[in-house]
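Peer 1: So that we are looking at the same thing, I have put the structure below in structure tokens.
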Amino acid sequence: MKAIVLAVVCTFAAKQGAAQAYKREVPAKLLSQTKITEDSARGLALARVPGSTVKGLELEREGGHLIWSFELTVAGKPGTDEVNVDALTGKIVGVEHEGH
């Protein structure tokens, strides 16, 4: 039984560490207004740019929307992709490639 509990704790800790492995700017004042979690938004952003990893995240108001803004990179592909996910609806409201 102890081994099972330890495995669950280790898995949870690994997931928490992975979630924090990128630069985050998430103001508490804005976070309290979201309906879509960071994890859900991250999943949507990563699905939009297959093979990508998160380099940075910002929760911000832009163009009248509260958005999760993910900066994504793809190994072997120059530049970054920015994917904006509406923090209230989960809809992708913007995708932009930056760089060469």
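Peer 1: Working carefully through the options 35, 55, find the one that is in a strand (DSSP E or B), among the basic types (Lys, Arg) and modelled with pLDDT of 95 or more.
Peer 2: Values: 35 fails: in a strand (DSSP E or B).
Result of the check over 35, 55: 55.
Peer 1: Taking region 82-100 as the search range and keeping residues that are in contact with a Gly (Cβ under 8 Å, 6 or more places away or on another chain) and outside any strand (DSSP E or B), which one is modelled with the lowest pLDDT?
Peer 2: 100
Peer 1: Also: Checking the structure you have, find out if any residue of region 68-90 is of a type in the set (Val, Ile, Thr) and touching a helix residue (DSSP H, G or I) at 6+ places or on another chain (Cβ under 8 Å).
Peer 2: So the first thing to find is which residues in region 68-90 are of a type in the set (Val, Ile, Thr), and the list is 73-74, 80, 83, 85, 89.
Within this subset, residues satisfying the condition of being touching a helix residue (DSSP H, G or I) at 6+ places or on another chain (Cβ under 8 Å) are 83, 85.
Within region 68-90 (the criterion being of a type in the set (Val, Ile, Thr) and touching a helix residue (DSSP H, G or I) at 6+ places or on another chain (Cβ under 8 Å)), the answer is yes, since at least one residue qualifies.
Peer 1: Please indicate, with yes or no, whether at least one residue in region 69-81 is more than 24 Å from residue 99 (Cβ to Cβ) and in a strand (DSSP E or B). Before the answer, list the steps.
Peer 2: As a first pass, look at region 69-81 and keep what is more than 24 Å from residue 99 (Cβ to Cβ): none.
Looking through region 69-81, none of the residues is more than 24 Å from residue 99 (Cβ to Cβ) and in a strand (DSSP E or B).
Peer 1: Something else about it: What is the residue count in region 23-52 for residues that are surrounded by 14 or more Cβ atoms within 10 Å (Cβ to Cβ) and of a type in the set (Ser, Thr, Tyr)?
Peer 2: Of the residues in that region, 3 qualify.
The values are calculated or read from the model by the stated rules, or taken from the named source; none is laboratory data. Please read all numbers here as calculations on a predicted model, not as lab measurements. Counting neighbours? That spans all protein chains shown, and the Cβs are built from the backbone with ideal geometry, glycine included.
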